[in-house]
Amino acid sequence: MAQKQQVLLREIGSKLESPPTSKDALVKLLKQGAALLTELDQSPSKSVMESMQPLVNAIANTELLKHQDREVQLFVSACACEITRITAPEPPFDDDVLKDIFQLIVGTFKGLSDMSSPSFGRRVVILETMARYRSCVVMLDIECDSLINEMFSTFLAVARDDHPENVLGSMEAIMEALIEESEDVSDNLLQILLATMDGNKKDVNRAAKRVVGNVIRKCAAKLEPSIKQFLVSSISGDRKTPQHGISYHGVLYNVYCCAPQVVSEVVPYLTGELLSDQLDVRLKAVGLVGDLISLPGSTISEVFKPVFLEFLKRLSDRAVEVRMVVLEHAKTYLLVNPSRPEANTIISALSERFLDYDENVRKQVVSVVCDVACHDLALIPVETIKLLSERLRDKSLTVKKYTLEKLAAIHRVSCSSDSKKNDQYDWIVGKVLRCFYDKDFRSDAIEHVLSLSLYPSKFSVKDKVENWVKAFSRFEKVEVKALEKILEQKQRWLQQEMQKYLPLRRLSLEGDSTEIQKKETACFRVMSRCFADPTKAEEKFQMLNQFKGPNFWNILTQLLDPNTDSLQATDLRDDLLKIVEVTHPLYDFMSTLTVKSSYILFDKAHVKEFLLEAGVHKSSGSTELMCSCMSILVILARFSPSLLHGIEADLVHLLEDDNEIIKEGTLHILAKAGGTIREQLGASSSSLDLILERICIEGSRRQAKYAVHALASITKDDGLMSLSVLYK
């Protein structure tokens, strides 16, 4: 240090030994002194030490140490902190003075909460200096235990998420130094740390918790005995240990997050709480264990396994609330740590609860398994999903409907772009169709799922057709029959009757006619048979008849048009429901009616794709899938023949196909839909007659049968030609 600066330092010290009465003059001197002290290195020369002695003596003066002005206190603290740094490891003051100085320094830390204060930077410098040079350790030598506790509390009170990292890091360093250098950790200091780690306290800020977490992790060996004693005595109910309103569950969880080794031997004590007769104790215990096992990246050690297994046994706990909590945590575990070996154990335990006696639990099990499967299909075995699908026959209507909804979601995910080739879930379509025979479902819910819930919104018609063909190839007779019944009711009871009703409604608007009203009522009665509750549906139709909305009836008419494709129908349906509005009594009814009356499930584009798909499978040699294509087309020809308009020429051409399955399927299609497409055949009808006549004579018995039926439906001679052919 230059001679001139030494002189200046001595002068400042001399002036401060009799401090000026003016605050500004005093602050100026202290500020200059602090600046000069900052430039000094540790253990300076004897001459430098002598030059700073007057300042050391001045700082020890009670008049400065006990000064009431906060700014003066700040600069006194700054000078004292620097003096302590310079003279380390030898203390520059006696114990009483050091206690006053540390009291002053701790007081300056309270201002760290105000980052906008002009003095914030000065306070940070004091904090960093104390942390870097570990001068805080002197507090242990002079037995400032209560002041250390106050400093810890101050740090945790002022810590902020937006504090610079050096601020929080310095706090941590000071706390770590004091803990590591202390002979033992006092109960009061432990309470301060653990109160911050109590996750149940709402007034603990995240920055403080992060600071304490880091301190516990770095001082794990020193803190472990005290923390373990606190937790074990708390769990065992030892009231001799003061709790100070601290929730040991919150402490255990947060300490486990930052330093699991500290509490690993405490976790087994939770088994007793899991087996407690008191419901609230079991609830808290399963919540805590569930939180612990669900931590990302955590592992279940050997010492933890008995607790984990007892936790899973709580899935059969006598209290529904406990079972529900376990289910929620099981879901979190599977989503967060799917690759851990315990995942299979959890899935197996969940499968055993599909038959739980409480319907809310059964529904929650379905929710957990399906949500995890939708997150990643690889996480849940297909066999488990099949077992879950049995809940479609659950005695609870709520569980049945929820299972249907969730199975549709799984199928939708399986059809996503990333897993389009995943056909392990095609069987879900058949399961959905089987629900048609359940009186609680009927076609109301089933057609809605088939039309709107099975596939992603951006799934193309081609993709849907491919999926339908694969699914159909696995259908049993009862599932095929269900599909036929749905399409039959749709066409015969609803679409045809709606086509009759709409003109009647227009006539009724022109004038009051009792006869027209009777015909309308007759239409309503027939259409109502498509709904689960016909009586209620008929009332809704009567209400619908009175409905007046802009463009409402035009949209409904367009939905009934077979030329409206499925995408257009979906958009029209959305527009119509917006007109009705969610709060209207007709909203749910119209939501169902618009699906049943439209061609969202299958449209003309589907029919063309089924034909193309048959050709693809013919080329690949897949007889089973080719049969599926033709069988679906036969069903559509039977119950939605209007969808075949536009493919007449293709059908005539397929009669010449060299593949017997395609030829026979085409004959069957013409036998079912010939009457509907008769007018569209035009000039090609005569050549078609000759082809059919030849097949009747030269084809197989089955082909001849279909060809005769086709002739009968296509010709206008009341079947005379077919009789003539039969005679031949």
Options Val652, Leu112, Val432, ranked by Cα towards positive dipole end of the chain, top entry (Cβ charges): Val652
Within the accessible area of the range 477-597 (1.4 Å probe), percent carbon and sulfur: 49 percent
Gain in span if fully extended, Ser513 to Glu165, counting 0.36 nm per residue against the direct Cα distance: 116.9 nm
Given charges at beta-carbon only (K, R positive; D, E negative), |dipole| of the chain in Debye: 2360 debye
For the chain: relative contact order, % (alpha-carbon pairs under 8 angstrom, 6 or more apart): 5 percent
Degrees, to the nearest 10: 477-488 long Cα axis against longest axis of the chain: 80 degrees
Between helix 684-698 and the chain: long-axis angle, C-alpha atoms, 0 to 90°, nearest 10: 80 degrees
The chain: calculated mean residue ellipticity at 222 nm from DSSP helix runs of at least 4, using -39500 (n - 2.57): -21500 deg cm²/dmol
Kirkwood Rh, Cα atoms: Rg over Rh of the range 40-107: 0.96
Isotropically averaged projected area of the chain, using the convex hull of Cα atoms (one quarter of hull area), nm²: 49.5 nm²
Dmax and Rg, reported as Rg then Dmax, of the range 353-424 (C-alpha, Å): 12.1, 39
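So what is the relative contact order of the range 477-597, in percent, for Cα pairs below 8 Å that sit 6 or more residues apart?
Averaging sequence separation for qualifying contacts and normalising by length gives 26 percent for the range 477-597.
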Charge dipole (the range 477-597, unit charges on Cβ, about Cα centre) - positive-most of Thr592, Cys523, Ile555: Cys523
Mean-position separation - Cα centroids, the range 28-42 and the range 253-329, in angstrom: 57 Å
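If I compute solvent accessible area with a 1.4 Å probe over the protein chains, what percent of it on the range 34-129 is carbon and sulfur?
Its accessible area is 47 percent carbon and sulfur atoms.
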Probe 1.4 Å, accessible area per residue of the chain, Å²: 46 Å²
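Normalising by the residue count of the range 572-629, find the relative contact order in percent from Cα pairs under 8 Å and 6+ residues apart.
Worked out over the range 572-629, it gives 22 percent.
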Cα-centre dipole for the range 128-270 with unit charges at Cβ (Lys and Arg positive, Asp and Glu negative), debye to 20: 560 debye
Pairs from Lys458/Lys604; Lys4/Lys31; Lys481/Lys596; Lys470/Lys536; Lys28/Lys209; Lys540/Lys604 whose Cα-Cα separation, in the structure shown, is over 28 Å: Lys470/Lys536; Lys28/Lys209; Lys540/Lys604
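Whole number please: convex hull volume per residue, Cα atoms of the range 489-638, in Å³. Show your work: numbers first, answer last.
Working: hull volume 17.7 nm³, N = 150.
Per-residue hull volume (Cα only) is 118 Å³.
The values are calculated or read from the model by the stated rules, or taken from the named source; none is laboratory data. These numbers come from a predicted model, not from an experiment. Backbone-built Cβ (ideal geometry, glycine too); neighbour counts: all protein chains shown. Quick note on the areas: whole protein, heavy atoms, side chains included, nothing else; ligands and nucleic acids left out. Shrake-Rupley method; radii C 1.70, N 1.55, O 1.52, S 1.80 Å.
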